[in-house]
Amino acid sequence: MTETMTNPFDYENFFIMFEKAGKHLYGENYTLQKRDMEILMKLTAYFGKQTEKAEELGINLSKGIFLCGPVGAGKTSLIRIFRALLHYDLRFLIKPCRDISYEFSSGGMEVIFKYSKKHFNKAKPCTICFDDLGLEPNSSFFGIKANIMREIILSRYDLFIVNRMITHFTTNFDVDEIENNYGFEVRSRIREMCNIISFHKDTPDKRA
């Protein structure tokens, strides 16, 4: 995406390119929805590092993205398309939370370090998007039970403070549900780590 940027940024042409990329990834039926334009503008300002527009929209470029909304709203597809449009060196890992839960069942507590203290590339902190936070099943390792995503989030928060490690999330949960599932500490840290961007609760299921 950085290669397409002009000053001022040409949003209209970018959205045409974005929809074309969406069709490439998800088929010819993929289209941008007018109702989602506010969210798309915020994400474009963020991933395009459009400082003035981000400030206007209340987006902090030094934080991650917490993208929440109903099932089928299009959260993951938006993140995947933006990732595809980024320069290769800026692309981040997208990891389903349920896969991390399965990893814990075979790898134990080492999985926490894999996605936090060991998630560096040549001393540079790696960005990751945890996809579908809240849908991960309960798991245990030789009888040891852990809320694996809670532990990873708490660890990455510490690295955000010290190393500016960036973390993104997609989830069907709002911040209240995050607190119910992971505790107040996680809710508070996510608010500090991330820009909260929410689809309207009545957004229809685009898979229907």
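Here region 190-207 is the region considered, the condition is being over 14 Å from the mean Cα position of the chain (by Cα) and open to solvent by 70 Å² or more (accessible area, probe 1.4 Å), and the residue that is nearest to G58 (Cα to Cα) is E192. A single member of M41, M37 is in a helix (DSSP H, G or I), within 24 Å of N172 (Cα to Cα) and without any contact (Cβ under 8 Å) to a residue 12 or more places away in the chain, and it is M37. Scanning region 17-31 for residues that are open to solvent by 100 Å² or more (accessible area, probe 1.4 Å) and either part of a helix (DSSP H, G or I) or among the aromatic types (F, W, Y) (or both) turns up K20, H24, Y26. Do the conditions hold for N138, that is, is it of a type in the set (S, T, N, Q) and within 22 Å of K75 (Cβ to Cβ)? Judged against the criteria, N138 is not a match.
Evaluating V71 against the criteria (1) in contact (Cβ under 8 Å) with a residue 60 or more places away in the chain; (2) crowded, with 19+ Cβ neighbours inside 10 Å; (3) farther than 21 Å from T167 by Cβ leaves one unmet condition, (2). Residues in region 84-99 that are touching a residue at least 12 places away in the same chain (Cβ under 8 Å) and assigned to a loop (DSSP other than H, G, I, E, B): L86, H87, F92.
Give me a count of the residues in region 171-201 that are part of a helix (DSSP H, G or I), over 20 Å from A146 (Cβ atoms) and touching a Phe, Trp or Tyr at 6+ places or on another chain (Cβ under 7 Å). Counting residues in region 171-201 that are part of a helix (DSSP H, G or I), over 20 Å from A146 (Cβ atoms) and touching a Phe, Trp or Tyr at 6+ places or on another chain (Cβ under 7 Å) gives 1.
Of everything in region 32-53 that is out of contact with any Lys or Arg (no Cβ under 8 Å at 6 or more places or on another chain) and of a type in the set (A, V, I, L, M), the residue that is most open to solvent (accessible area, probe 1.4 Å) is M37.
Within region 100-147, the residues that satisfy the criterion of being among the charged types (D, E, K, R), in a helix (DSSP H, G or I) and surrounded by 13 or more Cβ atoms within 10 Å (Cβ to Cβ) are E103, K114.
You will find that of R150, R164, the residue that is at pLDDT 95 or above and either touching a Pro at 6+ places or on another chain (Cβ under 8 Å) or open to solvent by 40 Å² or more (accessible area, probe 1.4 Å) (or both) is R164 and no other.
The values are calculated or read from the model by the stated rules, or taken from the named source; none is laboratory data. It should be emphasised that the depicted structure is a prediction, and the values quoted were computed from it without experimental measurement. Every residue, glycine as well, gets a Cβ built from its backbone with ideal geometry; the counts of neighbours run over all protein chains shown. When the accessible area is computed, the model is the full protein with side chains, heavy atoms only, and any ligands, DNA or RNA have been set aside. Shrake-Rupley method; radii C 1.70, N 1.55, O 1.52, S 1.80 Å.
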